[in-house]
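Report on the structure given below.
The values are calculated or read from the model by the stated rules, or taken from the named source; none is laboratory data. Nothing here was measured: the structure is a model prediction, and the numbers come from that model. Counting neighbours? That spans all protein chains shown, and the Cβs are built from the backbone with ideal geometry, glycine included. The accessibility values were calculated without ligands, DNA or RNA, using every heavy atom of the protein model including side chains. Shrake-Rupley method; radii C 1.70, N 1.55, O 1.52, S 1.80 Å.
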Amino acid sequence: MKLGLHTYSLNLHGIGQAWADFTCPWDRQLSTFQLFDLLVELDLEGVHLDDGVLERLDSEYLHEVGAAAREAALYLEYNFSMDRGGFGIGIQHDLNAAIHTARDLGADIVKVGMDLRRPRPVAGSRFHPKVIEQMEKVAELLSAAAPLAADYGIRLAVENHCDSFSEEIIWLLDRVDSPVVGACIDTVNGLHVTEDPMAAIERLAPRAFTNHFRDDRIQFQRWGFKLVGTAVGEGDIDMRRAYELIRDRSFMERINIETELETPLDDMQTALDMEIDAIRRSVRYCREVLGIRRHDN
């Protein structure tokens, strides 16, 4: 099993995918090439690369990025959102264009975010007609793009983002019925639609090509509660069991650490240090507790 990083873990370094109407309060702090140097220093073997990391999308630049990743012995996966709900997520939203970007990078997986709009109450919206209507369109797009992905040796992995139940992802995969279209498991996201995250992981594992290996902590508040991102192994997701499900019930050979933290936004250096420290603790947990050893070729 190889260990890599989802670049959203460094969103306060200015390289995360646009998400939840957040604007980083300072300038970008890492170039794509500096990111690769950091990943090597952090004892990581790959990168799940948000579209927002890339300074440009022209083929010449993408080939340079891919060459730099190979030189650093890093696997590459490409992460983008179709943004079907029009939330303003990411910068590239066309599936065929994303496949061409992945080809130019040398990435072998494109993670597809649907980012649908769900009616409320969310807990009662599983397979809601308004959701199915959107997913039928996604299925058409995936079916049309699958031959191109197959020609390039690329697999498409649809994420259970904050917009979908795991059963709906399975329904979508069955509808598309292509060997190059599978799932991306996010180990926390089930909670966002009131689904048991462990059940979602178990359900999706046999159909998954990649993952976001993430942990959150539930914090009770006077007005209710909130989910707060943590280093892997420090929250309320059973990360040991999550790893076992991925290891034993899927064909995945990579773990992509993802961390996202509540940090001060008036002290850039403290925020940046917190991000790096959370990644270091996550790597240590994966290496020392879960026993994910370096996969040297």
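Remarks
- Each peptide in 54-61, 154-161 receives the mean, over its residues, of other Cβ atoms within 10 Å, and ordering these scores from highest gives 154-161, 54-61.
- Neighbourhood net charge (15 Å Cβ-Cβ; Lys/Arg +1, Asp/Glu -1) for residue 162: -3
- Kirkwood hydrodynamic radius of the range 186-238, Cα pairs, Å: 11.8 Å
- When Rg and the Kirkwood Rh are both derived from Cα coordinates, the Rg/Rh ratio for the range 219-297 amounts to 1.05.
- Couplings 3J(HN,Hα) for the range 200-213, derived from phi with the Karplus relation 6.51 cos²θ - 1.76 cosθ + 1.60 (θ = phi - 60°), are 5, 4, 4, 5, 8, 3, x, 10, 8, 9, 7, 7, 10, 8 Hz, where x marks Gly and Pro.
- Reported label for calculated Rg and Dmax of the Cα atoms in Å given (i) 18.1, 59; (ii) 26.8, 83; (iii) 17.9, 54: (iii)
- On a per residue basis, the chain carries 43 Å² of accessible surface, using protein heavy atoms and a 1.4 Å probe.
- Under a Gaussian network description of the chain, with springs only between Cα atoms under 10 Å, the residue in 276, 201, 109 that fluctuates furthest is 276.
- 3J(HN,Hα) couplings calculated from phi for the range 71-76 with the Karplus curve 6.51 cos²θ - 1.76 cosθ + 1.60 (θ = phi - 60°) are, in sequence order, 4, 8, 6, 10, 6, 10 Hz; Gly and Pro show x.
- Electrostatic dipole magnitude of the range 2-143 [Cβ: Lys, Arg +1; Asp, Glu -1; Cα centre; debye, to 20]: 840 debye
- Area accessible to solvent at residue 19, 1.4 Å probe radius, in Å²: 80 Å²
- Phi to ³J(HN,Hα) by Karplus 6.51 cos²θ - 1.76 cosθ + 1.60 over the range 10-16, Hz, x for Gly, Pro: 10, 5, 7, 7, x, 10, x
- DSSP assigns beta bridges within the chain; of those with both partners inside it, close to 15 percent run antiparallel.
- Over the residues of the chain, the helix contribution to mean residue ellipticity at 222 nm works out to -11000 deg cm²/dmol, using -39500 (n - 2.57) for each DSSP H run of at least 4.
- In terms of its C-alpha gyration tensor, the range 125-201 comes out oblate, because a/c is 1.5 or above while a/b does not outweigh b/c.
- When the chain is treated as a GNM with alpha-carbon contacts under 10 Å, the residue of 166, 282, 250 showing the greatest mean-square fluctuation is 250.
- Share of carbon and sulfur in the accessible heavy-atom surface of the chain [1.4 Å probe, %]: 48 percent
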